[in-house]
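Colleague: Starting off with a structure, shown below.
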Amino acid sequence: MARARGVRLLALESVDSTNDEARRLIEAGERGPLWVVAARQTRGHGRLGRDWISPPGNLHASLVLGGFGDAAVAPQLGFVAGVAAMRGLRAATGGAGRFTLKWPNDLLLEGAKLGGILLENVGVPTGDARAPRASVAIIGLGVNCAEAPRDLPFEARALASIGPNAPDAATLFTYLSDALVDTLDLWRGGEGFARIRDAWLKDAAYIGAQIRVELPRETVEGRLATIDAIGRLVLATQHGERVIEAGDVSLGPRQTAAGGVA
């Protein structure tokens with residue numbers, strides 16, 4: 001379906017990072033839609049520049065997408081990708097496994113990290129004096145298909161752990177690519193974000209649970225209430241409602257050094 005809709009594919013054996021390769025292609029004039037997929041990444045990275053361990057057999061893919069509208073709606077594409085990932089994973093596995101979404105960009109399998117989404121936005125010249133700059137998005141998707149990283153500060157799992165219904169990376173990519181085409185149609189230009197938000201919330205992890213959110217200068221704790229109309233986290237705290245633009249979410253209250261609950 002994706003190919004029939006004009007989505008092209010660049011398949012690489014090895015690359016430093018599919019997102020970095022996508023950025024280089026954009027700087028050279030690429031505007032998409034184009035998938036960059038690599039069997040292996042040597043310098044994969046996630047949000048905030050964190051290392052993304054990329055063993056062979058896992059999915060490493062980035063979509064170059066231009067012409068989606070104003071840069072202000074670009075952050076919504078992370079939620080679009082999350083909804084598409086849920087649809088693609090369920091279709092590819094025949095419904096095996098329980099997949100959920102952790103705000104803002106993680107894919108979970110039975111509560112353990114299965115993958116992640118890295119959304120980046122590149123400003124490019126248009127040649128139009130009235131609107132000299134436009135935005136091209138990079139939607140990066142990494143999924144542990146064959147192997148999950150070890151020695152992490154959180155639990156991680158691979159699709160292979162669900163048994164014989166587990167797809168390989170190539171099969172999963174086909175389902176995810178098709179699902180993303182459909183989900184982009186639902187969202188196009190930000191006009192359908194209310195529907196994307198509803199779909200995202202149906203698969204959201206930790207709704208109603210006590211969580212903590214690590215921010216650059218503080219840790220905020222409270223009950224995860226929802227995400228708002230533009231995708232921000234809404235936290236019910238002891239001091240009232242708190243709306244959070246970005247942060248690292250983990251389940252449960254913060255532990256003290258003595259092992260008690262803070």
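Colleague: Of the numbered conditions (1) free of Cβ contacts under 8 Å to residues at least 12 places away in the same chain; (2) surrounded by 15 or more Cβ atoms within 10 Å (Cβ to Cβ), Lys202 fails exactly one; give the number of that condition.
Modeller: Here Lys202 meets the rest and fails (2).
Colleague: Further question: Which strands (runs of 3 or more DSSP E) does the stretch 143-262 wholly contain that include 3 or more residues that are of a type in the set (Val, Ile, Thr) and under 18 Å from the mean Cα position of the chain (by Cα)?
Modeller: none
Colleague: Also: If Leu184 satisfies all but one of (1) open to solvent by 70 Å² or more (accessible area, probe 1.4 Å); (2) of a type in the set (A, V, I, L, M, F, W, C); (3) within 30 Å of Ala134 (Cβ to Cβ), what's the number of the condition it fails?
Modeller: Condition not satisfied by Leu184: (1).
Colleague: Against the condition loosely packed, with under 15 Cβ neighbours inside 10 Å, in contact (Cβ under 8 Å) with a residue 12 or more places away in the chain and of a type in the set (Phe, Trp, Tyr), how does Phe99 come out, does it pass?
Modeller: Judged against the criteria, Phe99 is not a match.
Colleague: Additional query: Would you confirm, using the coordinates I've provided, whether Gly231 is in contact with a Phe, Trp or Tyr (Cβ under 8 Å, 6 or more places away or on another chain), under 28 Å from Asp20 (Cβ atoms) and at pLDDT 95 or above?
Modeller: For Gly231, the condition - in contact with a Phe, Trp or Tyr (Cβ under 8 Å, 6 or more places away or on another chain), under 28 Å from Asp20 (Cβ atoms) and at pLDDT 95 or above - is met.
Colleague: Residues being assigned to a strand (DSSP E or B) and among the charged types (D, E, K, R): count how many of those fall in the stretch 108-142.
Modeller: 3
Colleague: Of everything in the stretch 144-172, what is closer than 29 Å to Gly29 by Cβ and open to solvent by less than 30 Å² (accessible area, probe 1.4 Å)? Give them in sequence order.
Modeller: Correct list: Ala169 only.
Colleague: I'd like to check something: does the stretch 78-87 contain any residue that is under 25 Å from Arg23 (Cβ atoms) and open to solvent by 10 Å² or more (accessible area, probe 1.4 Å)?
Modeller: Looking through the stretch 78-87, at least one residue is under 25 Å from Arg23 (Cβ atoms) and open to solvent by 10 Å² or more (accessible area, probe 1.4 Å).
Colleague: Now for a separate question. Can you tell which of Gly123, Gly140, Gly127 is of a type in the set (Gly, Ala, Ser), open to solvent by less than 30 Å² (accessible area, probe 1.4 Å) and either more than 21 Å from Val64 (Cβ to Cβ) or out of contact with any His (no Cβ under 7 Å at 6 or more places or on another chain) (or both)?
Modeller: Within the list Gly123, Gly140, Gly127, the selection yields Gly140.
Colleague: Please work out if Asp178 is open to solvent by 30 Å² or more (accessible area, probe 1.4 Å), among the acidic types (Asp, Glu) and closer than 21 Å to Asn19 by Cα.
Modeller: Yes; evaluated as a whole, the condition is true for this residue.
The values are calculated or read from the model by the stated rules, or taken from the named source; none is laboratory data. In this text the structure is predicted, and so the values were computed from the model without any measurement. All Cβ positions, glycine included, derive from the backbone under ideal geometry; neighbour counts span all protein chains shown. Heavy atoms of the whole protein, side chains included, go into the accessibility calculation; ligands, DNA and RNA do not. Shrake-Rupley method; radii C 1.70, N 1.55, O 1.52, S 1.80 Å.
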